[in-house]
1. Mind listing just one residue for me: the one in the range 45-99 that is among the small types (Gly, Ala, Ser) and outside any helix (DSSP H, G or I) and, of those, nearest to Ala138 (Cα to Cα)?
2. Looking only at the range 27-44, which residues are surrounded by 22 or more Cβ atoms within 10 Å (Cβ to Cβ) and either of a type in the set (Phe, Trp, Tyr) or farther than 12 Å from Thr102 by Cβ (or both)?
3. If Ser149 satisfies every condition in (1) closer than 15 Å to Phe77 by Cα; (2) without any contact (Cβ under 8 Å) to a residue 24 or more places away in the chain; (3) not β-branched (Val, Ile, Thr) but one, which is the exception?
4. Among the listed residues Val248, Val240, which satisfies the condition of being out of contact with any Ser or Thr (no Cβ under 8 Å at 6 or more places or on another chain) and either in contact (Cβ under 8 Å) with a residue 24 or more places away in the chain or buried (at least 20 other Cβ atoms within 10 Å of the Cβ) (or both)?
5. Looking for something in contact with a Lys or Arg (Cβ under 6 Å, 6 or more places away or on another chain) and either surrounded by fewer than 24 Cβ atoms within 10 Å (Cβ to Cβ) or in contact (Cβ under 8 Å) with a residue 60 or more places away in the chain (or both) - is there at least one such residue anywhere in the range 223-230?
6. Might you check whether a residue that is surrounded by fewer than 19 Cβ atoms within 10 Å (Cβ to Cβ), among the β-branched types (Val, Ile, Thr) and closer than 21 Å to Leu175 by Cβ occurs anywhere in the range 74-84?
Amino acid sequence: MSSTSQRQLGESDSPIEDELEAAFNRMIDEGSQRLHRSWREVLVTGFFGGTEVAIGVLAYLSVLHETHNQLLAGVAFAIGFLALLLGRSELFTEGFLVPVTTVAAKRASVGQLAKLWSGTLVANLVGGWLIMALIIAAFPKLRSQTITSAEHFVGEPLSVQTMALAVLGGMVITLMTRMQHGTDSVPGKIAAAVAGAFVLAGLQLFHSILDSLLIFGALSTGEAPFGYLDWLGWFWYTLVGNMVGGLVLVTLLRLLRSKERIKDERRDADDPTAD
């Protein structure tokens with residue numbers, strides 16, 4: 001089926017299916033707003049993202065402490081993703097599909113993308129570190145479980161398995177974003193958040209932010225058998241793996257799927273007066 005036929009058959013004149021067109025427009029609209037934030041807005045939104053994910057970590061640790069059921073704890077962690085969704089805050093690994101699509105469509109610059117990524121990453125870690133310190137102070141019974149959970153990640157050296165876990169972690173969180181932007185239904189968005197949490201936390205995939213908060217919590221106890229240098233040794237390759245999974249296995253494929261629509265956006269951006 002040619003692109004011309006698709007334009008004629010759909011309700012819109014888009015070269016992609018109508019449902020994909022609606023999802024594409026949602027991403028461009030949201031991405032444009034997110035990428036045009038000031039530094040203050042980026043840092044504050046990212047800080048809230050870190051604090052909200054930390055509340056999900058609290059739920060995760062509490063359920064794991066009481067039940068010793070990893071999958072059930074993964075479902076409990078969904079509280080963190082629901083807070084991100086409904087509170088409109090920002091998580092670094094959610095910044096792949098929507099912002100990159102917006103930059104590809106020339107609705108924002110690479111510099112703005114770099115600002116969003118760097119500011120959100122740092123703010124996520126700072127906000128999460130603070131709340132994890134409070135959680136450890138408030139719930140001493142969770143100290144042992146936090147250290148045990150953190151050791152699962154920070155004690156693992158770079159290998160084919162750990163990099164695969166990091167790539168899958170980035171893929172899952174970006175897929176969750178894709179699902180949420182594929183619908184206007186709030187229950188549908190919530191279902192995507194719960195599903196993402198179940199796979200990511202329930203199966204202990206490697207995630208640069210979520211697992212860093214577990215490690216920060218363990219370090220806050222003063223009893224962890226590792227330090228911040230050990231965290232950095234784990235963090236760098238997990239971050240790379242998350243970006244490969246999110247950018248290559250999901251975002252790039254989505255860009256290829258919407259290639260003709262992105263060409264239209266780029267043409268409009270180059271010549272706003274064109275019909």
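We did not get these values from a lab; they are worked out from the coordinates using the rules stated. Just so it is clear, the structure is predicted and the values come from calculations on it, not from any experiment. Cβ atoms come from the backbone with ideal geometry, glycine included; neighbour counts cover every protein chain shown.
1. If we filter the range 45-99 for residues that are among the small types (Gly, Ala, Ser), which is where we start, we get 46, 49-50, 54, 56, 59, 62, 73-74, 76, 78, 80, 83, 87, 89, 95.
Then drop every residue that is not outside any helix (DSSP H, G or I), which leaves 89, 95.
Values: Ser89: 25, Gly95: 32 Å.
Restricting to residues being among the small types (Gly, Ala, Ser) and outside any helix (DSSP H, G or I), the top hit is Ser89.
2. Val42
3. Unmet condition: (2).
4. Values: Val248 fails: either in contact (Cβ under 8 Å) with a residue 24 or more places away in the chain or buried (at least 20 other Cβ atoms within 10 Å of the Cβ) (or both).
Val240 is the lone residue from the list that is out of contact with any Ser or Thr (no Cβ under 8 Å at 6 or more places or on another chain) and either in contact (Cβ under 8 Å) with a residue 24 or more places away in the chain or buried (at least 20 other Cβ atoms within 10 Å of the Cβ) (or both).
5. Filtering the range 223-230 down to residues in contact with a Lys or Arg (Cβ under 6 Å, 6 or more places away or on another chain) leaves none.
Checked the range 223-230: no residue is in contact with a Lys or Arg (Cβ under 6 Å, 6 or more places away or on another chain) and either surrounded by fewer than 24 Cβ atoms within 10 Å (Cβ to Cβ) or in contact (Cβ under 8 Å) with a residue 60 or more places away in the chain (or both).
6. Yes, the range 74-84 contains at least one residue that is surrounded by fewer than 19 Cβ atoms within 10 Å (Cβ to Cβ), among the β-branched types (Val, Ile, Thr) and closer than 21 Å to Leu175 by Cβ.
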